[in-house]
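Inspection log for the structure reproduced underneath, given as structure tokens.
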Amino acid sequence: MVRSALALAALATTAVPGLDVVATRPPQRATTDFQTTGLLDGGGRHWVIRAPLHPAAGASLEGEVELLANLAPAVDAGRLPFAVPRPAGFAALPEGGRAMVYRELVGRPLDLDRLTGGPGLSAELGRAIAAFHELDAAVIADAGLPVYDAEAYRRRCLAEVDEAARTGHVPSVLLNRWEHALEDVALWRFRATPVHGDLAPEHVLVHDGQVSAVLSLADAHVGDPAEDLGWLMAAAPEDALDAIEEAYALARTEGPDGHLLDRALLVSELALARWLLHGVRTGEQAVVADAAAMLRQLAADVEDAPAIGAHEPVVVPDYTWEDEDAWADVADDGAAAAADAGRPAGTEDGAPAGTDAADPEDADPGASAGAERQPVANHDGEPVPDARRHTDRAADTEPLNLADLPDFLAAREADAEDVPARDDRRG
């Protein structure tokens, strides 16, 4: 049940002996699970009381209390670069369960608009999340909190999608998109780590440009590290995501996870399905209507978007074709020099590296007489000249010494200045 701030202040005085509360202050908020109120004592010290609003939240709080005790040594040893709440006392609630009281931590809730590209707060946030993911999984398991491996977490997401689909409020575009991602085995090859599970701006405190504290760890568990990045995919400025991802990756000892952000995107979209399910389970029609409207908007936004996990092929810029031509000239000159020396190109002492020159099976089948190469075109539709076009010219040149390569390329660039630009050649 939701209580007045004064009622919570009275509970706090029973939780901490000698606590003299003289005023209530921010933060003062109530979610679907917890009510939180700030307090001021007679000595000018700030406190917070956190009370569960239903039995399930009360059970989660007990797990959080155990976890906080396990995290304190990691904070003291510097393995976590931020503070976490340290319970100072508990107050029994008339309906069952108990409220937790702790000293308020330094910092203000994260303002996502302050996240920018490059070093700074974005990088600090990435490192802070990585530090939590680097913790030993036993820290979570010993607190009695859930532990999922990659396959168990994937099945959990599938079950949520199936349940959301039965409500009739999820557009088919989203169901197909999510099911495709959940069935793509390449996305689900990761090592499960400790995750916060409910990161949001109000749960991350910032002071002097650094993450100073992390709050509300009742949903912590071992699972997919992408869970703690989904909220950023949904709400952080676009130019900050690269800085967060880079700092995060550098701070992890685990090898690169090529699909981390793909799964984070999926997590950000599934958050709407979870909001819908919350409304259905609690019978709050306003929540159901809000979630359904957001799901319809998301379906419109992603209707023509690539599938989750799909990556656009890299288009090679035009100038790389010119570079290829230049290196083809070098190769042709080397071939001519080798011919003058009486051995095949690319060999030492007459044999290709790693082959037997007397073995005809090592010969290039495409080099036989009469073999033709298919013309190659670049992405502008213009033919790329065959790399053998300089063979006759190269046969008349002196062998190219590698020490002369810089001068050779400089001469090539000088010659190129006299060639009309691509657009001019098109006439």
Stokes-Einstein D in µm²/s, Kirkwood radius over Cα pairs - the stretch 106-312 at 25 °C with 0.890 mPa s viscosity: 138
Apply the Karplus parameterisation 6.51 cos²θ - 1.76 cosθ + 1.60, with θ equal to phi minus 60°, to every residue of the stretch 7-14 and state each ³J(HN,Hα) to the nearest whole Hz, in sequence, with x for glycine and proline. 5, 5, 4, 5, 4, 5, 5, 7
Which whole-Hz ³J(HN,Hα) couplings does the stretch 187-200 yield from phi under the Karplus relation 6.51 cos²θ - 1.76 cosθ + 1.60, θ = phi - 60°, glycine and proline marked x? 6, 10, 9, 9, 8, 5, 9, x, 10, 5, x, 8, 5, 7
Charge sum, other residues only, whose C-beta stays under 12 Å from His133's C-beta, Lys/Arg counted +1 and Asp/Glu -1: -3
Contact order relative to length of the stretch 106-312, as percent, for alpha carbon pairs under 8 angstrom and 6 or more apart: 32
Packing-based ranking, highest mean first, of 199-205, 218-224 given that Cβ atoms within 10 Å are counted: 218-224, 199-205
Where a ≥ b ≥ c are the square roots of the eigenvalues of the C-alpha gyration tensor, would you call the stretch 205-244 rounded, which needs a/c under 1.5, or, failing that, prolate if a/b is larger than b/c, or oblate? oblate
Using every alpha carbon pair in the stretch 1-105, what percent of pairs falls into each 5 Å bin from 0 up to the bin containing the largest distance? 2, 13, 23, 24, 19, 13, 5, 1
Under Karplus coefficients 6.51, -1.76 and 1.60, residue-wise ³J(HN,Hα) of the stretch 129-135 in Hz, glycine/proline x: 5, 4, 4, 5, 5, 7, 5
Taking the convex hull of Cα positions in the stretch 161-211, its mean projected area over all directions (nm²): 6.2
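Only the coordinates and a few stated rules stand behind these numbers; no lab work does. Given the structure is predicted, the values throughout are model-derived calculations rather than measurements. Here Cβ is always computed from backbone atoms with ideal geometry, including for glycine, and neighbour counts include all displayed protein chains.
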